[in-house]
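Below: the structure, in structure tokens.
Taken together, the values in this text are just the output of simple stated rules run on the coordinates, not laboratory data. From a predicted model like this one, the values you see are computed outputs, not experimental measurements. All Cβ positions, even for glycine, are placed from backbone atoms using ideal geometry, and neighbour counts span all protein chains on display.
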């Protein structure tokens with residue numbers, strides 16, 4: 001099949017996987033260690049096409065597993081090369097050991113995560129259990145609602161990750177199949193615009209035989225906590241860096257996603273809100289439009305950044321609400337949705353007393369229907385954890 005490159009500086013109808021690959025290409029990534037896994041495979045296939053057809057000046061490293069892909073990232077970034085990889089589900093789980101190493105070494109890198117359910121039973125469809133299970137690994141996590149946001153967030157992620165105040169890896173998360181395989185009109189920036197926004201990759205501490213350094217050495221009890229504290233400080237610094245990068249991106253490209261941490265819709269006078277991540281927010285917008293026409297004061301809180309969690313912004317948005325419905329496309333088995341735990345804790349710490357209810361839905365690729373969002377909004381004041389659309393209900 002003949003290879004056809006995309007038209008840069010124009011709008012094209014492309015898939016979410018294409019958007020992720022184009023974002024990495026526009027970022028002038030030089031090394032791509034990647035191992036295919038459904039539904040991420042198209043991302044690495046597209047990058048392979050770019051490289052093999054001379055459209056992308058980069059080296060793809062063919063590894064034997066996702067664990068190896070993540071390990072190769074350590075070497076490429078440490079040697080001074082801007083690097084990209086992508087994975088999901090069991091692949092991300094297999095990387096788990098190395099995720100902590102990459103973050104602990106403070107390596108700026110971006111991964112695309114095409115969110116997919118974890119086995120068993122075997123399931124190749126969408127939920128967000130994979131990335132959310134890795135939320136404590138020290139990676140920034142940014143969730144996307146549509147294909148345009150995938151491309152834009154990939155570019156912004158490199159600028160955030162490489163900021164000296166941050167220097168942490170970033171997961172750009174997008175719902176598997178729901179976004180990875182859907183085709184939408186996407187404004188593809190020119191390479192010139194991307195270069196103007198994202199400077200050449202430079203980090204201070206690189207492996208150089210002429211100036212030898214040691215990385216990843218022993219952290220004994222007298223120093224280990226200090227390293228972890230530095231990571232925590234860097235993650236909290238990202239709360240300031242992300243909005244600045246988002247603002248700069250809007251000035252140059254004319255698009256924004258709230259302040260890069262959280263985005264709201266119809267929240268000025270809302271009494272009830274639904275909080276969601278990823279593509280679920282798009283369905284929620286339509287439901288809210290319908291309910292607004294019926295005179296109901298409802299709104300949407302789209303949480304773009306799960307790590308770092310923008311507690312201050314969330315609490316400021318929620319302070320005048322009567323109730324909130326938190327949608328989790330994951331489950332901390334035996335407890336509640338992980339996002340709900342995060343939101344509930346933030347509200348409690350700020351002394352905000354509103355009715356909060358957790359709705360578990362869309363696991364393993366089950367559709368999140370408008371009727372499910374409506375149900376969540378109407379029952380947002382009930383409290384507790386409610387499983388939606390189980391056994392056909």
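Below, the figures for the structure above:
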{"quantity": "Cβ crowding within 10 Å averaged over residues, with 68-79, 276-287, 249-260 ranked highest first", "calculated": "276-287, 68-79, 249-260"}
{"quantity": "Sites residue 247 and residue 165 - FRET efficiency at Förster radius 22 Å, r taken between beta-carbons, to 0.05", "calculated": "0.90"}
{"quantity": "Point-to-point label distance, residue 315-residue 240, nm (Cα→Cβ direction, 7 Å offset)", "calculated": "1.9"}
{"quantity": "Extension gain, residue 293 back to residue 348 (0.36 nm per residue minus Cα-Cα distance, nm)", "calculated": "16.6 nm"}
{"quantity": "Label-point separation, residue 271 to residue 11 (7 Å along Cα→Cβ), nm", "calculated": "3.8"}
{"quantity": "Residue-span extension gain [residue 191 to residue 335] - 0.36 nm each, minus C-alpha spacing", "calculated": "47.2 nm"}
{"quantity": "Ranked packing of 199-207, 115-123, most packed first, by mean Cβ within 10 Å", "calculated": "115-123, 199-207"}
{"quantity": "Mean Cα-pair separation over length for the chain, i.e. relative contact order, pairs under 8 Å, 6 or more apart, %", "calculated": "16"}
{"quantity": "Cα-based convex hull volume of the stretch 7-49 per residue, rounded to whole Å³", "calculated": "68"}
{"quantity": "Order of 227, 111 under a 10 Å beta carbon neighbour criterion, fewest first", "calculated": "227, 111"}
{"quantity": "Label-point gap, in nm, between residue 55 and residue 211 - each point 7 angstrom along Cα→Cβ", "calculated": "3.7"}
{"quantity": "P(r) histogram, all alpha-carbon pairs of the stretch 20-138 included - 10 Å bins from 0, percent", "calculated": "15, 47, 32, 6, 0"}
{"quantity": "Length added when fully stretched, residue 256-residue 62, from 0.36 nm per residue minus Cα-Cα", "calculated": "66.3 nm"}
{"quantity": "Rounded FRET efficiency, nearest 0.05, which uses the C-beta distance separating residue 230 from residue 182 and R0 of 51 Å", "calculated": "0.80"}
